[in-house]
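Right, one structure below, let's go through it.
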Amino acid sequence: MLKKSVGSLKLQIGYRVIMKFKVILVSVFILVVHFCSAQLVRRVDYDAAIAVQAGGSTGILLPGKINGMKFDGIYGLKMTFPFTRRWFLGAEFNYNQLRTQNKHSFSFSEGENTYQRDVEADLKIQALNVPVYVKYLLGPYGNSILCGGYFSWIYKGRLAVYEKKKRFQADTDKWDAGVVIGVGQRIVKHLNLMFKINVSVKDLMKKSDLYPKKIFPVQANLTLSYDIFRIGDCGCD
């Protein structure tokens, strides 16, 4: 009888241990499924991000031959609003400069003869630039492409023209607009590298008769940004 009681007690203890082990496994499984489903169901990793950025820029004028390029700094704020985990709306507020030297050739006639004349143009611009674009995340490694447009308020802009050792100058228009395209790369969380090209669609000397040709600036920017504030960050990325 004693042996049977001991055996029955062992069976009960073993049964209870197995049941507790099953309960633990089921609980762990439920927690894992809940966590994974939460990650899959959530549409975005964060609701909005605000970043500071800085970098360098340079540019040229179209049309014309490049006679000199200068490199300047660009500083500003960047805001990102995700639609999904791959699609984002981006907006920036930047201070930037553009200094470039170009050479243009003009043809003019005197009687039956046609002459070619070379003119150097030196453009200097200081502006507040506001690009707005849509960004698409290509894969899990943080590389992306973007496309959109930009608007610039030029608070200081001047074009100087040099011809036969004479210098003529005039102010540019006060605003500019165009198309922006670019690529981006996430280095680590909150830290991103971005390369953008701004292509103007507006003649900067439209209101001036100083220059006989239309000029359209093209500017390349390389910036490094850091997210200083995120709204609704789930920590998923």
### Task
Could you pull the accessible area for Arg85 with a 1.4 Å probe, rounded to 10 Å²?
90 Å²
### Query
Counting only protein chains, not ligands or nucleic acids, how are Ile215, Ile197, Ile228 ordered by accessible area (probe 1.4 Å), most first?
Ile228, Ile197, Ile215
### Met69, Met79, Met205, ranked by accessible area, largest first (probe 1.4 Å)
Met69, Met79, Met205
## Note on the structure
Which of Lys70/Lys164; Lys78/Lys213; Lys78/Lys103 exceed 32 Å between C-alpha atoms? The answer is Lys78/Lys213; Lys78/Lys103
#### Entry: Where labels lie 7 Å past Cα in the beta-carbon direction, separation of Ile145 and Lys165 in nm
5.3 nm
### Task
From largest accessible area down, sort Ile125, Ile66; use a 1.4 Å probe on the protein chains.
Ile66, Ile125
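The values are calculated or read from the model by the stated rules, or taken from the named source; none is laboratory data. Just so you know, these numbers come straight off a predicted model, no measurement behind them. We place every Cβ from the backbone using ideal geometry, glycine too, and count neighbours over all the protein chains shown. Remember, those area values only see protein heavy atoms, side chains included, never the ligands or the DNA or RNA. Shrake-Rupley method; radii C 1.70, N 1.55, O 1.52, S 1.80 Å.
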